[in-house]
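See structure below.
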Amino acid sequence: MPKGRTELFAFLDGLCIETRTFEHPPLFTVKDSQELRGTIPGAHTKNLFLKDKKDRFFLLTVDEEAEVDLKQVHHLIGASGRVSFGRPEMLMELLGVIPGAVTPFGLINDTGNHVQFFLDSELMESEIINAHPLTNEATTSIARADLLRFVEATGHQPTILKLSA
């Protein structure tokens, strides 16, 4: 059973990481998010759960406005050939979330370290980063440095690259 919001927030508290969470109706797309979020400060994310032809998995977190060239990004992230979106079953198995709720916080559920994590360098220019807390019914704001601490505490190595076109 994947960890949920309660376990996520307890994990963050254990790391002495402060966050702020805003409840809202379920959001499934960036467009939904832009229409319903109101005035949550900070950068808002778009998250891509991808796989390559060798069934290696990647999570790319970029600014919501960023465009990622899926025909070329494999060169940047070291994938074997072009990438495609990972199946919903693998998304749930590895990150414990459903499509529409993909988030870097899902790394808490990747205890086998099967997902390589990448952050866009432009997103990392923001002091505050917003992502779903394992559900698309809320948005959690976290400081950039604390997001990196969280990722490392899950056993993942965040790689910061220019992913956006």
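Here is how the numbers come out for the structure above:
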quantity	calculated
Built amide H within the under 5 Å cut-off of ARG20, gap 5+	SER141
³J(HN,Hα), Karplus 6.51/-1.76/1.60, whole Hz, each residue of segment 49-59, x for Gly, Pro	9, 10, 9, 10, 6, 9, 6, 8, 10, 9, 10
Value in Å of the Kirkwood radius, where the chain supplies the Cα pairs that are averaged	15.7
Share antiparallel - DSSP beta bridges, the chain, percent rounded to 5	65
Residue with peak Gaussian network fluctuation, the chain [Cα springs, cutoff 10 Å], from ALA79, ALA131, ALA101	ALA79
The chain: most fluctuating residue of ASP52, ASP63, ASP110 per GNM, C-alpha cutoff 10 Å	ASP52
For segment 93-107, Karplus couplings with θ = phi - 60° (6.51, -1.76, 1.60), whole Hz, Gly/Pro x	4, 8, 10, x, 9, 9, x, x, 10, 4, 7, x, 5, x, 4
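FYI, it's all coordinate maths here, none of it is from the lab. Predicted, not measured: the structure shown is a model, and the values here were computed from it.
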